[in-house]
Structures are given as C-alpha cells and as structure tokens.
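Student: Provided herewith is a single structure, encoded as structure tokens, for subsequent inquiry.
The values are calculated or read from the model by the stated rules, or taken from the named source; none is laboratory data. Keep in mind that what you see is a predicted model, and the values were worked out from it rather than measured. Neighbour counts are summed over all protein chains in view; Cβ atoms, including those assigned to glycine, are modelled from backbone coordinates with ideal geometry.
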C-alpha cells in the first residue's frame, strides 16, 4: 500500500467510525494536527503509533506499514481553490515577507523549522463570530557562515 492508498483507507475508516481527529489523537496519545498530517501522508509514524492508529480505525496492518514509510513532502503548487486553504495561502502571500522580517529582527538571520515544529488549532468563542486560533511553534535555525 502506498501513501495515497493509505490516505484513502484511513480517511474512509475515520468517516465510517465517525471519529474526530481529537478522538483518534487521544487514542494514540499524539497531537490531532500531527495525526491528521500522518493520515494525509505528510508525516511518518513510529511502529507503535502506526499500529495503534490502525487498531483504533479498524484497518489492516498494511496501512501501518505505509504510515511508517518516510513521506515525500510535496504538494500541488497551483493556487488552491478550497476557500480555507486559499486563505492560508493568502496569509502567507500577504504577510510572509513581513513575518520573515519581524522574526529575523528578533532572532537574526535564519528560519523557523518545520521539522522541530508543533501546531495547535483552537476555537476562541467571540460574540461577533468565533475565531480560529492557529499556533505554529518551530525551532529557530540560524544560517551559519563558514
């Protein structure tokens, strides 16, 4: 089973079991964002987590092997059409250089790691309309000179 077939298998099982990412993450003792990313094929899981995840979703061990495979982190570079994903794309397009500049003023010349990284998604209730709170936390990696 490759990552794409694994993705379809796991997402179908999630829908069939009517489980949320929070439900699955609690069952495997991992972050819901990370679990979703692994199920979408963008991260690899340890042997233990892969098998727990497959047990929770009631899928064959073949999917656990695909979950453990190292991913190729590639995506369609076309402008996304889904409104939610497009808005994130727009945020990076509009604020990307600004964020880079502000981070480099605070930390120096470098980047935020997407390897040593965590992300949380929270709902903030607001009488004017609920808010989405995304918290991205990546280790700062300075560029080195040699």
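Student: Which residue, of 35, 49, is without any contact (Cβ under 8 Å) to a residue 24 or more places away in the chain, under 13 Å from the mean Cα position of the chain (by Cα) and under 25 Å from residue 122 (Cα atoms)?
Tutor: Going through 35, 49 in turn, the sole match is 35.
Student: Yes or no: segment 21-41 includes at least one residue that is out of contact with any helix residue (DSSP H, G or I) (no Cβ under 7 Å at 6 or more places or on another chain), modelled with pLDDT under 95 and outside any helix (DSSP H, G or I).
Tutor: No, that holds for no residue.
Student: Next up: Please state which one of 54, 39 is under 21 Å from residue 114 (Cβ atoms) and not assigned by TED's automatic domain parsing to the domain that holds residue 134.
Tutor: Matching residue, one of 54, 39: 39.
Student: Determine whether segment 56-69 contains at least one residue that is over 29 Å from residue 13 (Cα atoms), without any contact (Cβ under 8 Å) to a residue 60 or more places away in the chain and exposed (fewer than 14 other Cβ atoms within 10 Å of the Cβ).
Tutor: Within segment 56-69 (the criterion being over 29 Å from residue 13 (Cα atoms), without any contact (Cβ under 8 Å) to a residue 60 or more places away in the chain and exposed (fewer than 14 other Cβ atoms within 10 Å of the Cβ)), the answer is no, since none of the residues qualifies.
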